[in-house]
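**Student:** Attaching a single structure in structure tokens format; questions to follow.
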Amino acid sequence: MEELPVPEPGPGEVLIKVRACGVCHSDLHLAEGDWDQLKPITKLPLVLGHEVTGTVERVGEGVTDLAVGDRVGVPWLHWTCGECEYCREGREVLCGKQMITGVTVDGGYAEFLRAKASHAAKLPAALSFAEAAPLLCAGLTVYRALKSAGLAAGKRVAVFGVGGLGHLAIQIIKARGAVPIAVDMAEDKLALACELGAAHTINVGGPENPRKVMRALGGAHIVMVTSGSKAAYETALGCVRKGGTLAVVGMPPEPVPVSMVALVAGEIRLVASAVGTREDLRELLDLAATGAVRCRIETLPLEEAAAALARVKRAAVTGRLVLVNE
Ligand SMILES: [Zn+2]
Ligand SMILES: [Zn+2]
């Protein structure tokens, strides 16, 4: 813990009093320097945290759409230019000039955060600060991935990994009238998936071949892999129905071999997705405000941030850990 000066909001910026910040697996990767691609752009020293919720404490010059006291969320995508080809195509997640909360600028493991008014999302009144926080990365990431993969009513959608991301994915799939199928190797996580509305569960560590089980169900229109396991991807590819889509979310550190013959023969699409746009976030927050998507959270005081990261490392978390400032 360190004392830092309270940041000054510049033009177009707001100062946010942080009320909650989700603990994401990416925070651990950043803290341990696992991602070479992000190293050159990472601010050092850095305050982590990109699932931030709180209230607007002060507004900078020129801010008209947010006022003191507004309840807001600040996601991974801290700022985008709005002018490049990608921004203009509505794909701001690909903006080359993007700033990232808790990576290129300080994040939400703190009492105060400076944010861009243009990229802070107003929170629906129905969501508490702690409950809303994980939607800003975990929820948003799976929401966009499912949307890009063509989620629609009636489709069978398999989710590999029922962790922070996966348990939210199952609820989004159900809310859209599709059929969630949960795949994991932990019985307690599969039990949670059932509770959240999974129509089928498959234990990859069990005696049955997951591909056979999935084939008996007709195969999945969409298979989304949230875990960073190469083995999960290898199994997942065999579970996609012909004409179906593999949604790539989890990132194994090593390459995953893919048979082009299998892709061509089955007209399988691979769709990769990186967090989400402001539009995706608004849609997800609206959906969550109906009560259809609720994150399982465990709250800890901000002072226990290091202990929280240690638990993420040990995978000793069901749902999501959220740091709170009382
Ligand atoms: Zn994250
Ligand atoms: Zn841009």
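The values are calculated or read from the model by the stated rules, or taken from the named source; none is laboratory data. As the structure is a computational prediction, the values presented were derived from the model and not from experiment. Here Cβ is always computed from backbone atoms with ideal geometry, including for glycine, and neighbour counts include all displayed protein chains.
**Student:** Give the residues of the stretch 169-194 that are crowded, with 17+ Cβ neighbours inside 10 Å, of a type outside the set (A, V, I, L, M) and either outside any helix (DSSP H, G or I) or over 21 Å from the mean Cα position of the chain (by Cα) (or both), sorted by residue number.
**Tutor:** ARG176, PRO180, ASP184
**Student:** Please go through the stretch 68-89 and pick out each residue that is on the phi > 0 side of the Ramachandran plot and more than 11 Å from ligand 2 (Cβ to nearest atom).
**Tutor:** GLY69
**Student:** Scanning for something away from ligand 1 (no atom under 16 Å from the Cβ), under 30 Å from PRO301 (Cβ atoms) and either of a type in the set (Lys, Arg) or surrounded by 16 or more Cβ atoms within 10 Å (Cβ to Cβ) (or both), does the stretch 22-37 turn up at least one residue?
**Tutor:** So far as the stretch 22-37 goes, no, none of its residues is away from ligand 1 (no atom under 16 Å from the Cβ), under 30 Å from PRO301 (Cβ atoms) and either of a type in the set (Lys, Arg) or surrounded by 16 or more Cβ atoms within 10 Å (Cβ to Cβ) (or both).
**Student:** I've got another one for you. Kindly check whether there is at least one residue in the stretch 223-232 that is part of a helix (DSSP H, G or I), over 20 Å from ARG144 (Cα atoms) and touching a strand residue (DSSP E or B) at 6+ places or on another chain (Cβ under 9 Å).
**Tutor:** Yes, the stretch 223-232 contains a residue that is part of a helix (DSSP H, G or I), over 20 Å from ARG144 (Cα atoms) and touching a strand residue (DSSP E or B) at 6+ places or on another chain (Cβ under 9 Å).
**Student:** A further question on this structure: Just the residues that are within 16 Å of ligand 1 (Cβ to nearest atom) and among the β-branched types (Val, Ile, Thr), please, taken from the stretch 138-175.
**Tutor:** Once the filter is applied, which keeps residues that are within 16 Å of ligand 1 (Cβ to nearest atom) and among the β-branched types (Val, Ile, Thr), the stretch 138-175 yields THR141, VAL142.
**Student:** Moving on. Collect the residues in the stretch 73-107 that are farther than 15 Å from ASP280 by Cβ, more than 16 Å from ligand 1 (Cβ to nearest atom) and either among the basic types (Lys, Arg) or crowded, with 22+ Cβ neighbours inside 10 Å (or both), keeping them in residue-number order.
**Tutor:** ARG88, LYS97
**Student:** Before we move on, is ARG296 in contact with a Pro (Cβ under 6 Å, 6 or more places away or on another chain), in contact (Cβ under 8 Å) with a residue 40 or more places away in the chain, under 18 Å from PHE129 (Cα atoms) and buried (at least 16 other Cβ atoms within 10 Å of the Cβ)?
**Tutor:** It is false that ARG296 is in contact with a Pro (Cβ under 6 Å, 6 or more places away or on another chain), in contact (Cβ under 8 Å) with a residue 40 or more places away in the chain, under 18 Å from PHE129 (Cα atoms) and buried (at least 16 other Cβ atoms within 10 Å of the Cβ).
**Student:** Out of GLY197, GLY166, GLY139, GLY205, report the one residue that is modelled with pLDDT of 95 or more and part of a loop (DSSP other than H, G, I, E, B).
**Tutor:** GLY197
**Student:** Also: What residue, among those in the stretch 46-67 that are assigned to a strand (DSSP E or B) and in contact with a Pro (Cβ under 7 Å, 6 or more places away or on another chain), is nearest to ligand 2 (Cβ to nearest atom)?
**Tutor:** Among those residues, the one meeting the criterion is VAL59.
**Student:** A further question follows. With respect to LEU246, is the statement that it is modelled with pLDDT of 95 or more and under 21 Å from the mean Cα position of the chain (by Cα) true?
**Tutor:** yes
**Student:** Also, I was wondering about something else. Please tell me if VAL68 is within 16 Å of ligand 1 (Cβ to nearest atom) and either in the same structural domain as GLU254 (by TED's automatic domain parsing) or more than 17 Å from the chain's Cα centre (by Cα) (or both).
**Tutor:** no
**Student:** Please go through the stretch 90-136 and pick out each residue that is part of a loop (DSSP other than H, G, I, E, B), among the small types (Gly, Ala, Ser) and within 16 Å of ligand 2 (Cβ to nearest atom).
**Tutor:** GLY90, GLY96
**Student:** Here's a follow-up. Mind checking which pairs have a first residue in the stretch 91-102 that is farther than 15 Å from LEU48 by Cβ and a second that is within 16 Å of ligand 1 (Cβ to nearest atom) and in a loop (DSSP other than H, G, I, E, B), Cβ under 7 Å, 6 or more apart or different chains?
**Tutor:** From residues that are farther than 15 Å from LEU48 by Cβ, the pairs are GLU92/THR277; VAL93/ALA274; VAL93/VAL275; VAL93/GLY276; VAL93/THR277.
**Student:** Same structure, new question: Sort through VAL324, VAL264 and tell me the only one that's under 16 Å from SER128 (Cα atoms) and modelled with pLDDT of 95 or more.
**Tutor:** After ruling out the rest, the residue left standing is VAL324.
**Student:** Scan (1) within 23 Å of ILE100 (Cβ to Cβ); (2) in a loop (DSSP other than H, G, I, E, B); (3) of a type in the set (A, V, I, L, M, F, W, C) for the single condition LEU281 breaks and write down its number.
**Tutor:** All conditions pass for LEU281, except number (2).
**Student:** Which residue is nearest to ligand 1 (Cβ to nearest atom), if the candidates are limited to the stretch 275-293 and must be small (Gly, Ala, Ser) and surrounded by fewer than 15 Cβ atoms within 10 Å (Cβ to Cβ)?
**Tutor:** ALA292
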